[in-house]
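The values are calculated or read from the model by the stated rules, or taken from the named source; none is laboratory data. The shown structure was predicted, so the numbers you read here are calculated from the model rather than taken from an experiment. Reconstructed Cβ throughout: ideal geometry from the backbone, glycine too, with neighbour counts over all protein chains shown. When the accessible area is computed, the model is the full protein with side chains, heavy atoms only, and any ligands, DNA or RNA have been set aside. Shrake-Rupley method; radii C 1.70, N 1.55, O 1.52, S 1.80 Å.
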Amino acid sequence: MSTSRLRSLGVDPGTGKEAFVVARPGGFLEELADVHALKAAAVLVAVVGAVLEGGRSSDAELAAFVPALHGALEECVGIMAADRA
């Protein structure tokens with residue numbers, strides 16, 4: 001059974017489409033996908049932090065970030081778990 005999985009490398013600026021790769025554990029493409037995931041999570045943390053610090057955000061505004069935060073957290077946890085294996 002293969003443990004490869006589809007991972008994002010970000011958005012192609014020329015086409016606006018997200019680029020995906022099949023990343024094998026310990027491979028070069030997995031490393032690139034990990035770097036992208038961690039950078040994306042850091043940006044998301046900064047944006048959500050700015051919204052929270054603004055103090056005037058509604059529940060709906062904050063709720064809009066929940067799916068993205070969940071995805072980023074899930075991917076970061078996967079990265080950390082793979083590093084421990």
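Here are the numbers for this structure:
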read-out: Residue, nearest to G27 (Cα to Cα), within the range 44-83, restricted to residues that are within 18 Å of the chain's Cα centre (by Cα) and open to solvent by 90 Å² or more (accessible area, probe 1.4 Å); value: D83
read-out: Per-region count, the range 11-26, residues at pLDDT 90 or above, of a type outside the set (V, I, T) and surrounded by 11 or more Cβ atoms within 10 Å (Cβ to Cβ); value: 2
read-out: Tally, over the range 35-85, of residues that are in a helix (DSSP H, G or I), out of contact with any strand residue (DSSP E or B) (no Cβ under 8 Å at 6 or more places or on another chain) and under 24 Å from R5 (Cα atoms); value: 26
